[in-house]
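Structure first, then comments.
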Amino acid sequence: MNAQSPIGFNNAIAGPIANGLSVDVEDWFQVGAFENVIERGDWDDLEARVERNVDEILTLFGEAGVSATFFTLGWIAERYPHIMREIADAGHEIASHGYDHARVFTLDAVKFAEDIRVTREILEDASGQAVVGYRAPSFSIDPRSLWAFDVLAAQGYKYSSSVAPIVHDHYGWREAPRFAFRPVAGSDMVEIPVTTALFGSRRLAAGGGGFFRVLPYAFSRWAISQVNQEDERPAVFYFHPWEVDPGQPRVGDAPMRSKLRHYTNLGKMADKLRKLVKEFHWDRMDAIAEIEARRAIDFPVAALGGKQ
């Protein structure tokens, strides 16, 4: 948690609103944008950049005095356990991002249960931390995979941050609540959606990633300030290690749209992050989940067809 003077105060609780700061730990060749041009079986033969990128992020966070959550692929933790220990030793949270970035709606309940069970074991062995949080790859809990909440609750996860309550060509669940909700009746597990801002009646994606990297910084400042000041809720922000790495290999045969999304403004990302983490107040997602659980709404997805 940083001690900078933030924008946004919670009138019900003395002091600034802490926003959730998170990193989705995957390497450049594991992103959804390249899943149709890079084979899963080739990953071990490609240049890994995750070590240098996580080191840069840990340095950036350390200089700003902020704590964050690192939602990490089991595939990464299995090969680089020392990275998990470095993250944990720096006071950050380790949470699950699944094993190999398989989108939840491509799995069934049995395969998903095994995926998150195995990944949790790998992460806990590597980091020495109990893993209580989960983020679906590409925010892939949506109307096609609402059953995943039952699986997460059954395995004892305390929170998920797997829903993007917007319309997007790769993901999104427009009808989902914008803020914390309990998706499983009888369970205390909370879902904390990634941040959206309102422009009139329209929801805008404002939780980080490519939107933060491509759009002017002023947009993110406006969006987070809106959530903090008008909604009096924490924002949930995320990015990836490869986004601070302009020197990463280029995927020449990827679709032009994917390349534009992936490579635009990589060289500007680190400086924008430094500005962001100093301007607002931040904390780990487990701390945000504990606070948000007190005012999460009941939104049982079984009534929406969330059973498989």
Kirkwood hydrodynamic radius of segment 53-139 from all distinct Cα pairs, in Å? 13.1
What is the local net charge at L73, summed over the other residues whose Cβ is closer than 11 Å to its Cβ (Lys, Arg +1; Asp, Glu -1)? -4
Between the residues H168, A130, A223, the Cα farthest towards the positive end of the dipole of the chain, that dipole coming from +1 and -1 charges on the beta-carbon of Lys, Arg, Asp and Glu, is from A223
Out of the total accessible area of the chain (probe 1.4 Å, heavy atoms of protein only), what percent is carbon and sulfur? 52
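Beta carbons within 10 angstrom, averaged per residue: use that to sort the peptides 45-58, 90-103, 291-304, highest first.
Details: 45-58: 16.5, 90-103: 22.4, 291-304: 14.9.
Packing proxy ranking, top to bottom: 90-103, 45-58, 291-304.
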In square angstrom, what is the accessible area per residue of the chain with a 1.4 angstrom probe? 41
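Using only the C-alpha atoms of the chain, find the volume of their convex hull and express it per residue in Å³.
On the way: hull volume 38.0 nm³, N = 308.
About 123 Å³ per residue, rounded to a whole number.
Determine the calculated [θ] at 222 nm for the chain from helices alone, applying -39500 (n - 2.57) to every DSSP H run no shorter than 4 residues and normalising by the residue count; nearest 500 deg cm²/dmol.
On the way: 10 runs with 102 residues, N = 308.
Helices in the chain give a 222 nm mean residue ellipticity of -10000 deg cm²/dmol.
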Quick one: which residues, 5+ away or cross-chain, put their amide H under 5 Å from the amide H of F70? H built at 1.01 Å from N. V23, E93, I94, A95
Burial-style ranking of 151-160, 109-118, 32-41, average other-beta-carbon count within 10 Å with highest first, yields 151-160, 109-118, 32-41
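For segment 197-308, with only Lys/Arg (+1) and Asp/Glu (-1) charged at the beta-carbon, what is the dipole magnitude about the Cα centre, in debye rounded to 20? Present the calculation step by step, with values, prior to reporting the outcome.
Details: 18 positive and 13 negative charges, 97 e Å.
The dipole magnitude comes to about 460 debye.
The values are calculated or read from the model by the stated rules, or taken from the named source; none is laboratory data. This is a predicted model, so every value here is computed, not measured. Counting neighbours? That spans all protein chains shown, and the Cβs are built from the backbone with ideal geometry, glycine included. Side chains included, ligands, DNA and RNA excluded: accessible areas come from the protein's heavy atoms. Shrake-Rupley method; radii C 1.70, N 1.55, O 1.52, S 1.80 Å.
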